[in-house]
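Participant: Please see the structure below; I have some questions.
The values are calculated or read from the model by the stated rules, or taken from the named source; none is laboratory data. Given the structure is predicted, the values throughout are model-derived calculations rather than measurements. Cβ atoms come from the backbone with ideal geometry, glycine included; neighbour counts cover every protein chain shown. Areas reflect the complete protein model, heavy atoms only, side chains present, ligands, DNA and RNA absent. Shrake-Rupley method; radii C 1.70, N 1.55, O 1.52, S 1.80 Å.
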Amino acid sequence: MNEPFQTNARDFEPNAAWITCPEQKEPLLGGMPATYFRKTFSVNDTRLPAEITIAALGLFALFINEKKSNPDVLAAPFTNYNKTVLYHVYNICNFLHRGKNKIEIIVGDGWCNQNTPETWSFCRASWKTTNKMICTVRAGNDIYVSDESWEVCQDGPVYRSALRLGEFHNNDLVPSYLSHAKKCEPPRGKLVRNRMHEIRECKKRKPKTATESDNGILLDFGQNIAGYIGFCIN
């Protein structure tokens, strides 16, 4: 076992644990299913400061009461996970209400768990592991940590989450949360707070042209961009 991770990051409560799904699906060349973590917790006073400290292997998205609660995308940035694991601290005051609240953390393969062969051979990296996360929620005087009380599953809408081949969604799927998380081995890398500029959504663009073909519809936005597509089906 590595040294206790708590010595590396004072933002986490000492009893917070790295957790994962106890029933892992077989690795897929096109990406593993995302792992869904869920916890219900109570908040007594929403006038007090509230924040979450979170680290995950690989990429994660945070939802509180079904609202996206971390403003960045592709979090956390790539590192050598045997040396450094970046964590984030988010203000979550605006997402909480008094009484019962629900937090959901979705963890996909990201840079940490690449399953697709490529030039840099990261698909054979020694840091590859199961999707896992650690967090501490502080809401006024209420404190909650990642442990075996969290519900977990791998049968949600994101059924593949490859970094280079994209995410595959089936919005007919609903996470079952039939299992509870298990504590797992922490990564070798030291937990370090992320100080880099975050990647965020900055603008919405409409395509200039849409051309139908036998393979689907080609959308031309008129310039090179990094982003993703949103659409409605009438």
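Participant: With respect to SER179, determine if the residue is surrounded by 15 or more Cβ atoms within 10 Å (Cβ to Cβ) and out of contact with any His (no Cβ under 7 Å at 6 or more places or on another chain).
Facilitator: Considered against the rule, which asks whether it is surrounded by 15 or more Cβ atoms within 10 Å (Cβ to Cβ) and out of contact with any His (no Cβ under 7 Å at 6 or more places or on another chain), SER179 comes out as no.
Participant: Yes or no: ARG188 charged (D, E, K, R), exposed (fewer than 14 other Cβ atoms within 10 Å of the Cβ) and not in a strand (DSSP E or B)?
Facilitator: No, not satisfied.
Participant: OK, next. Keeping to the range 45-67, report how many residues are under 20 Å from LYS100 (Cα atoms) and under 11 Å from the mean Cα position of the chain (by Cα).
Facilitator: Going through the range 45-67 one residue at a time, the tally reaches 2.
Participant: Out of (1) at pLDDT 90 or above; (2) under 22 Å from TYR36 (Cα atoms), the odd one out for GLU212 is which?
Facilitator: (2)
Participant: Return yes when GLY31 is at positive phi, open to solvent by less than 60 Å² (accessible area, probe 1.4 Å), out of contact with any Ser or Thr (no Cβ under 7 Å at 6 or more places or on another chain) and in a loop (DSSP other than H, G, I, E, B) and no when it is not.
Facilitator: Values: at positive phi: yes; open to solvent by less than 60 Å² (accessible area, probe 1.4 Å): yes; out of contact with any Ser or Thr (no Cβ under 7 Å at 6 or more places or on another chain): no; in a loop (DSSP other than H, G, I, E, B): yes.
Against the criterion (at positive phi, open to solvent by less than 60 Å² (accessible area, probe 1.4 Å), out of contact with any Ser or Thr (no Cβ under 7 Å at 6 or more places or on another chain) and in a loop (DSSP other than H, G, I, E, B)), GLY31 does not qualify.
Participant: While we're looking at this one, here's another question. How many of the residues in the range 40-60 are part of a strand (DSSP E or B) and either closer than 17 Å to TYR90 by Cα or open to solvent by less than 70 Å² (accessible area, probe 1.4 Å) (or both)?
Facilitator: 12
Participant: Given LYS190, LYS203, which one is touching a residue at least 24 places away in the same chain (Cβ under 8 Å) and within 24 Å of ALA75 (Cβ to Cβ)?
Facilitator: Result: LYS190 is the single residue among LYS190, LYS203 that is touching a residue at least 24 places away in the same chain (Cβ under 8 Å) and within 24 Å of ALA75 (Cβ to Cβ).
Participant: On the given criteria, is LYS128 open to solvent by 20 Å² or more (accessible area, probe 1.4 Å) and either among the aliphatic types (A, V, I, L, M) or under 20 Å from PRO175 (Cβ atoms) (or both)? Write out each step before concluding.
Facilitator: On the way: open to solvent by 20 Å² or more (accessible area, probe 1.4 Å): yes; either among the aliphatic types (A, V, I, L, M) or under 20 Å from PRO175 (Cβ atoms) (or both): no.
Criteria not met by LYS128.
Participant: Quick one: TYR81 ticks every box in (1) at pLDDT 95 or above; (2) touching a strand residue (DSSP E or B) at 6+ places or on another chain (Cβ under 9 Å); (3) loosely packed, with under 14 Cβ neighbours inside 10 Å; (4) outside any strand (DSSP E or B) bar one, so which box is it?
Facilitator: Of the numbered conditions (1) at pLDDT 95 or above; (2) touching a strand residue (DSSP E or B) at 6+ places or on another chain (Cβ under 9 Å); (3) loosely packed, with under 14 Cβ neighbours inside 10 Å; (4) outside any strand (DSSP E or B), the odd one out for TYR81 is (3).
Participant: Within the set of pairs 6+ apart or on separate chains, which have a first residue in the range 91-120 that is over 12 Å from GLY58 (Cβ atoms), a second that is small (Gly, Ala, Ser) and open to solvent by 30 Å² or more (accessible area, probe 1.4 Å), and C-beta atoms under 8 Å apart?
Facilitator: GLY99/SER42; LYS100/SER42; ASN101/SER42
Participant: Find the residue count for the range 61-77, including only residues that are in a loop (DSSP other than H, G, I, E, B) and farther than 20 Å from LEU163 by Cβ. Before you say what the answer is, go through the steps one by one.
Facilitator: First, the residues of the range 61-77 that are in a loop (DSSP other than H, G, I, E, B): 65-66, 69-71, 73-74, 76-77.
Those still in the list that are farther than 20 Å from LEU163 by Cβ too: 65-66, 69, 71.
Residues that pass the stated criteria total 4.
Participant: Which residues, taken from the range 170-189, are under 30 Å from ASN80 (Cβ atoms) and either among the small types (Gly, Ala, Ser) or within 15 Å of the chain's Cα centre (by Cα) (or both)? Full working, then the answer.
Facilitator: Filtering the range 170-189 down to residues under 30 Å from ASN80 (Cβ atoms) leaves 181-189.
Within the range 170-189, ALA181, GLY189 meet the criteria.
Participant: Going by the structure shown, is GLY222 in contact (Cβ under 8 Å) with a residue 24 or more places away in the chain, open to solvent by less than 100 Å² (accessible area, probe 1.4 Å) and over 17 Å from the mean Cα position of the chain (by Cα)? Let's see the steps before the verdict.
Facilitator: Working: in contact (Cβ under 8 Å) with a residue 24 or more places away in the chain: no; open to solvent by less than 100 Å² (accessible area, probe 1.4 Å): yes; over 17 Å from the mean Cα position of the chain (by Cα): yes.
Taking the combined requirement at face value, the residue does not satisfy it.
A quick yes/no check of all residues on (1) in contact with an Asp or Glu (Cβ under 8 Å, 6 or more places away or on another chain); (2) surrounded by fewer than 20 Cβ atoms within 10 Å (Cβ to Cβ); (3) aromatic (Phe, Trp, Tyr); (4) not in a strand (DSSP E or B):
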position: TYR144; (1), (2), (3), (4): no, no, yes, no
position: SER149; (1), (2), (3), (4): no, yes, no, yes
position: ARG160; (1), (2), (3), (4): yes, no, no, no
position: ARG164; (1), (2), (3), (4): yes, yes, no, yes
position: LEU173; (1), (2), (3), (4): yes, yes, no, yes
